[in-house]
Structure formats: C-alpha cells, structure tokens
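Written below as structure tokens is the structure these notes are about.
The values are calculated or read from the model by the stated rules, or taken from the named source; none is laboratory data. Since the structure is predicted, the reported quantities are computational estimates derived from the model, not experimental observations. Please note: Cβ atoms are built from the backbone with ideal geometry, for glycine as well, and neighbour counts cover all protein chains shown.
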Amino acid sequence: MKILIVDDSTAMRMIVRKTLRLAGYEGHEFSECDDGAKALAAIKGAPPDIVLSDWNMPNMTGIELLEQLGKDGIKIAFGFVTTEATPEMRQRATAAGASFLISKPFTPESFKEALGAFIK
C-alpha cells in the first residue's frame, strides 16, 4: 500500500513512520509532504491508498486538504495524527470525511486500532 504522511515537522514525520513500522506496517511504500498544498498536488499526481495528516500546518492545513479533496471529488482513506482532538475538531473531521483521528502522544497500538481496517 502507498501511505502518504503529511506534517510540517520532519521529526514528526519520522516518528509517524517509525510508529507505523512498530505497529507492523512494514513493507509499505511511504511518501511524505510538509504541508497540505504539497500533499494535494502529490495526491492528484499519484494517489496514495491512505493519508495520515497533521491538522495544523502552514500553506494549507490538514482539514483544508481533506475538505478540498472532497470538493474535487477525490475519495481516499484519510485520517489525522494531531495533538489537538477536541470534540469540535473530531466532528469537523468526520463531517469532511476523515476515517479516524489519532491523538498525540500515540502508540503502535493506537495506530493498529485506527488503521487496522485500512492497512493490510
């Protein structure tokens, strides 16, 4: 599977990738973007199977990315990995089509629980 990790922090992208491996998701093709605008272009160029995105980023936030994908009619498994997980954010994410929201700090187990239905 092709997994796109979107986060403005290089360190956080590395941590997400490591946590995915620890959760047993090795052998997948990982790609990364450091903001939502770059991710949108990457998705349109070569759609991944799943997107793991931060919420707050410069240029285009994760929620703006998800909402734009919806406007463009692009259906893709999309979830958030973010420090903020208020009920309002969860509601907005779900309304925009997010499949899951993983709160930081996270564990390999929280990744398995959230991603089990999407990544084989």
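Filtered by the rule that a residue be in a loop (DSSP other than H, G, I, E, B), under 23 Å from A117 (Cβ atoms) and free of Cβ contacts under 8 Å to residues at least 60 places away in the same chain, the stretch 24-45 gives E26, G27.
Given the criteria under 13 Å from the mean Cα position of the chain (by Cα) and surrounded by fewer than 17 Cβ atoms within 10 Å (Cβ to Cβ), does S99 qualify? For S99, the condition - under 13 Å from the mean Cα position of the chain (by Cα) and surrounded by fewer than 17 Cβ atoms within 10 Å (Cβ to Cβ) - is not met.
In the stretch 19-32 there is at least one residue matching the filter, namely being out of contact with any strand residue (DSSP E or B) (no Cβ under 6 Å at 6 or more places or on another chain), exposed (fewer than 15 other Cβ atoms within 10 Å of the Cβ) and on the phi > 0 side of the Ramachandran plot.
Among the residues examined, T94 does not qualify as out of contact with any Phe, Trp or Tyr (no Cβ under 8 Å at 6 or more places or on another chain), surrounded by fewer than 16 Cβ atoms within 10 Å (Cβ to Cβ) and in contact (Cβ under 8 Å) with a residue 60 or more places away in the chain.
Residue by residue, here is whether (1) at pLDDT below 95; (2) surrounded by fewer than 21 Cβ atoms within 10 Å (Cβ to Cβ); (3) of a type outside the set (S, T, N, Q) holds:
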position	(1), (2), (3)
D34	no, yes, yes
P48	no, no, yes
V51	no, no, yes
P58	yes, yes, yes
G62	no, no, yes
G73	no, yes, yes
F80	no, no, yes
E84	yes, yes, yes
R90	yes, yes, yes
